[in-house]
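Worksheet: the structure to be examined is printed underneath.
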Amino acid sequence: ASFLLLCFRSSLVARLIFGLLLQSPLTQLSMATKPNIVLLMADDLGIGDVGCYGNDTIRTPNIDRLAKEGVKLTQHIAAAPLCTPSRAAFLTGRYPLRSGMDAINNYRVIFWNGGSGGLPPNETTFAKILQQQGYSTGLIGKWHQGVSCESRNDHCHHPLNHGFDYFYGMPFTLISDCQPTETPEMDRAFRRKLWLSTQMIGLVTLTAALGRLTGLISVSWKMLTCLAGFSLLFFISWFSSYGFVRYWNCIMMRNHEVTEQPMVTDRTTSLILRESISFIERNKHKPFLLFLSFLHSHTPLLTTEKFLGKSSHGLYGDNVEEMDWMVGQVLDAIDKEGLKNTTLVYFASDHGGWLERQEGKRQLGGWNGIYRGGKAMGGWEGGIRVPGIFRWPGVLPAGTVIDEPTSLMDIYPTVVHLAGGVLSQDRVIDGRDLMPLLQGTVEHSEHEFLFHYCGIHLHAVRWHQKDSGAIWKAHYVTPIFRPLGAGACYDRGFCPCFGEGVTHHDPPLLFELSQDPSEAKPLSADTEPLFDTVIKKIGRAIEEHRRTLTPVPEQLSLYNILWKPWLQPCCGTFPFCWCDKEGNN
């Protein structure tokens, strides 16, 4: 009996060893250790600004090295063409309108640190799941997902309330107002509308008060008090948009503490790089997630003297080349700690380059290569097709190029799977795990349809017809470019999502992207035999998609984006907010 038992045990051990040998490298590695995850996200970088995507005049050797040593995605799509909604989708794996992070109006991003809108506390980010799986989680750089809800210190939208153990950076976004020598960038149209709203509410309040005093209108004092309060709030918001923007929005925080108000832009780049490398060094003995959210290459294009005048594309090119150098420094830190083979590195941009960002003859925004349109344009490829690169030596095949539709939302399920976590079952997750595609175990992306929104308005839909390889894209709404024949909305600075600045198409404009990636030749029923079939198929997909949407509070409503004094982060006693803790002052 003991002999039979010994034989059985030997056979069992042999089968286990044989089974392990047959497993993929990823499975073997994941059984031994969870990978470190480093996510690098550029701000406003165009797909045409990077060497490995065809640019031969801006030098990006470190980003190019990532592509050479890993997998390059050529059809990597942002879920929105602007910072706030795109990053919300990236963090949650969900279209931003599912969390209320896409706009119903023209205010399509968070405008103030002192606003009440932001990524809702009930949303589950990939950082929160990785934190639960034992990862050290850090965010360095830009947040732009809100700070507080009801009081200055509740920090309901703050990174530390969304799964990050450590945060150093800007709770807002970089704008030209942060650089004292630059022309203010705060939306002039927004200021005009705010002033108009202030005047209208003030007039209503005054009329109601006079009516009450003369007995002509029956208005309660409670109603008058509310109207007066709103008038004051709108006036303060309008007044604060002049001269106070730098103090209210251009701040740096470490965890919950304001460290610079206003930020000292001359040293921001070096501090962000120092913090990123320090995070890697502190956490090298346990699995970590580092989300390095660059302030590059958003205006005012903060660039250190070492890189000024070094590129052939002016300040913008200098800024991109400095960011590439920062990527190289982070990769070197990973190598130095012996973590290269146990670290998944990902590089992307949050959306396309800003074509309209110019000052005189200076182009301060990015280039989107052969793709039409740019930042703020929800449908055209130039606004949403971005660089996407993964590197994990020994697990992902080096030098691979994948031309399948993928999304920034796919990062969520991908890293959750790698960390051994489980996706939330109580909500729709729009992203798909990319590991099978990246490793080459499947041929096609799991995405059959991708929906391209501009605010809450559906502008276009992409259908990946896998049996034929065709990539159909139907545009239902497109912005009107000005001047006529131009490739952007140079008259506005941003293309709108709705109203008189857009054209509605019925039937929709149809393109086959595998044959016409520049979207230059719209198809019709006369030129494409499958036109009606494709339009009907996409129409049914839209109906099914809309059935999955549920009403949620609008985080970018006019009230939520309005500046509120009681929510303003302040280093000191409000309104005397000033400090420089990095300079020991």
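In this calculation the C-beta distance from GLN425 to ARG546 is compared with R0 = 25 Å, giving a FRET efficiency of 0.70.
For the peptides 453-461, 304-312, 343-351, the ranking by mean Cβ contacts within 10 Å, running from highest to lowest, is 343-351, 453-461, 304-312.
Think of segment 374-442 as having a plus end and a minus end, set by charges on the Cβ of Lys, Arg, Asp and Glu; of GLN425, ALA376, PRO397, ALA376 sits farthest toward the positive end of this dipole. As a fraction of the 1.4 Å probe accessible area of the chain, surface on carbon and sulfur atoms comes out at 58 percent. Angle of helix 188-214 to the longest C-alpha principal axis of the chain, folded into 0 to 90 degrees and rounded to 10: 50°.
Across the options ALA89, SER220, SER311, the greatest Cα extent toward the positive end of the charge dipole of the chain (unit charges at beta carbon of Lys, Arg, Asp, Glu) belongs to SER220.
Taking only the Cα atoms of segment 44-88, the radius of gyration and Dmax are 12.1, 32 Å. A protection proxy built from the mean count of other Cβ atoms within 10 Å ranks the segments 103-113, 441-451, most packed first, as 103-113, 441-451. Where both bridge residues fall in the chain, DSSP classifies roughly 60% of the beta bridges as antiparallel.
Take the Cα of LEU484, step 7 Å toward its Cβ, do the same at VAL204, and the gap between the two points is 4.0 nm.
The length gained on full extension between LEU196 and LYS310, counted as 0.36 nm times the residue separation minus their Cα-Cα distance, comes to 36.5 nm.
Between THR225 and GLN358, the contour length at 0.36 nm per residue exceeds the alpha carbon distance by 43.4 nm.
Judged by the mean number of other Cβ atoms found within 10 Å, the most tightly packed of the peptides 54-63, 68-77, 399-408 leads the ranking 68-77, 399-408, 54-63. The coefficient of translational diffusion for segment 477-585, derived via Stokes-Einstein from the alpha carbon Kirkwood radius under 10 °C and 1.306 mPa s, stands at 82 µm²/s.
The helix-based estimate of mean residue ellipticity at 222 nm for the chain, built from -39,500 (n - 2.57) per DSSP H run of four or more residues and divided by its residue count, is -10000 deg cm²/dmol to the nearest 500. A Förster distance of 22 Å, applied to the separation of the beta-carbon atoms of ARG282 and LEU160, puts the FRET efficiency at 0.85. Taken per residue, the accessible surface of the chain reaches 41 Å², heavy atoms only and a 1.4 Å probe. From largest to smallest, the equivalent ellipsoid semi-axes obtained for the chain from the alpha-carbon gyration tensor read 41, 30, 25 Å.
Rounded to the nearest 10 degrees, the angle from helix 83-92 to the longest Cα principal axis of the chain is 40 degrees.
The values are calculated or read from the model by the stated rules, or taken from the named source; none is laboratory data. Everything quoted here is computed from the prediction, not taken from an experiment. Glycine gets a Cβ as well: all are built from the backbone with ideal geometry, and neighbour counts include every protein chain shown. Calculation scope for accessible area: heavy atoms of the full protein, side chains included, ligands and nucleic acids excluded. Shrake-Rupley method; radii C 1.70, N 1.55, O 1.52, S 1.80 Å.
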